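This report refers to the structure that appears directly beneath it.
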Amino acid sequence: MSQTFNISTEYTRPKQLLTVPNNPMSRLFEMVLIKRECYINDLWELVGYETVSTREDTRNELERAIEWLLKRLAALDVVAFGEHMGMQILPECLKIIRMPKVIIGVLKHCADKPTILVYGNLDVEEALLDDGWVTDPFVMAEIGNYLYGRGVALDKGPLMCWLNAVQAYRDAGLRLPINLVFLIESMAHSGSLGLQDVLQQRISFFREVSCVVMATRRWQSNVTPCIVYGSRGLVYYHLEVECANRSLSSCEHSGTLFEALPDLFYLLSSLVDCQMHILFEGTLESLQIDRNVFRFTEFNYHEFGQSLDVQDLPHQAQKQAALAENWVTPHLSIHGIEGANAENNVRFIIPHKVTGKFSISMAPNQNSAQVTHALQQHLGNVWVRRNSPNKMKLCEKLVIPSWNGRCDSPEYKAAFRAMTQTYEMNPNFIRDGGALMAPSLFQHYLQKNVLVLPIAKNDCGGSPVNERISTQNYIMGAQLMAAFMWEYGESFHQVEDIK
């Protein structure tokens, strides 16, 4: 399987329409700049809602945020409603609670115009002041040229850019060149629970959409914007080892039993070598990709290492090798150990049960069953060699399939032209090194092409602590969405003229 396309021949830089007097694009961009403070204030309001979907005590905040957004959509003449998504079982306490609503909105002016599905999410990752935030994560702060707060880059800021773009058309006295269907969930950070049910049960709202567009993720660099045309899949595992029915003290019981934690260390250390290469067969297959894509991608690997204060980098600081590892080569990351003592004080506990948490980022052409089978075989063999009497169990906790966009489609070409208009440079075409659940669901249930348009620079979005986005990037994000809608509408007019 190969992903190839020639950027130089399939994508040409459009004329700079912004220099043409009274051009609609110029009016749109000007309106975005005029409403700058209004857009920042709207984001400040939305960030103020603590929309953490993984916590039960913030569900009321999620509902308040949903109601706020429904009112904001209604002000833009979007016919929107909240759809109940059923119940969920909280894994920690097995309590059953109601999931937050999903928002479905429709803004249609003309049946002859193309319709795109705009996907977004309101929920965010957990954020605590004790994690090292310099500001309250749920009170957006403007410091220098940056906006700080949970969700400003992922994904409340990008969601507001869509609404700001629609507002810009209204302020400029222009009719939208396309029709829009909004699908905004609040369980993206909880595995997008319930999303596939909505896609199946409310299919009538999505049948006429020509593509799905998302504004999430971040650029590959701090200079060049990018278009994400796919990402690899991911499998998240829990590896559990249990040695007794209760925890003990090393002062009293040291040396009297086979401890669980050394067994877990032994198993985890068998998965990767010191260069982070996976050590078991069945996961080593990688997707073949056109090397020109790596060559055209603007990414300074050395500067990336410096920004993280890393002493050394793998791949001899070669950009193409680093991008290949990030985009298409299987990789294993260990995330933590549950049950072990993580406190600062001195304690002599021998934990009776410990759980190692790790994930495997798959090549885009791999499936989770193949990877899990190989992992089970490897751990079984290692456990036999260990000859431990303890109990060992592997659990597959989350599976996110890979997805691939069709880059030769009208939506990708419109996105290329829109980014060139907005940022005055050609964007990178990249595969995302992370994993996104929603695109794979859209491709599976709707059979539609998916396009991801990031607005945040590499050093701004996606950071667990002190998440930020430059004010300029947030404002230009609205310009980008306005330009994309214009260019996509124009591409369909050109097809009609040819016919």
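The values are calculated or read from the model by the stated rules, or taken from the named source; none is laboratory data. Source: prediction; values computed, not measured. Counting neighbours? That spans all protein chains shown, and the Cβs are built from the backbone with ideal geometry, glycine included. When the accessible area is computed, the model is the full protein with side chains, heavy atoms only, and any ligands, DNA or RNA have been set aside. Shrake-Rupley method; radii C 1.70, N 1.55, O 1.52, S 1.80 Å.
Things to note:
- With both residues required to sit in the chain, DSSP beta bridges show an antiparallel share near 70%.
- Angle between the chain longest axis and helix 59-75 axis [Cα atoms, degrees, rounded to 10]: 10 degrees
- For the listed peptides 212-222, 397-407, a ranking on the average number of other beta carbons within 10 Å per residue, highest first, reads 212-222, 397-407.
- When the pairs LYS353/LYS393; LYS156/LYS397; LYS71/LYS156 are compared against a 20 Å limit on Cα-Cα distance, LYS156/LYS397 fall above it.
- Under the simplified labelling scheme, the HIS444-LEU394 pair shows an inter-label distance of 2.1 nm, with each label point 7 Å from Cα along Cα→Cβ.
- Rounded Å value of the spacing that divides the Cα centres of region 313-366 and region 135-167: 30 Å
- LYS457, LYS391, LYS413, ranked by accessible area, largest first (probe 1.4 Å): LYS391, LYS413, LYS457
- Label-point gap, in nm, between HIS302 and VAL139 - each point 7 angstrom along Cα→Cβ: 4.3 nm
- Compared with the dominant Cα axis of the chain, that is its longest principal axis, helix 36-47 is turned about 30°.
- Between CYS93 and VAL346, the C-beta separation translates, for a Förster distance of 35 Å, into a calculated FRET efficiency of about 0.70.
- Each peptide in 145-152, 261-268 receives the mean, over its residues, of other Cβ atoms within 10 Å, and ordering these scores from highest gives 145-152, 261-268.
- One entry in (i) 25.4; (ii) 26.6; (iii) 28.0 is mean projected area of the Cα convex hull in nm² calculated from the shown coordinates; its label is (i).
- Residue-count net charge about GLU208 - beta-carbon cut-off 11 Å; Lys, Arg +1, Asp, Glu -1: +4
- Note on GLU45: accessible area approximately 70 square angstrom, rounded to 10, probe 1.4 Å, nucleic acids and ligands left out.
- Over the chain, DSSP H runs of length four or greater, each weighted -39,500 (n - 2.57), average out per residue to a 222 nm ellipticity of -10500 deg cm²/dmol.
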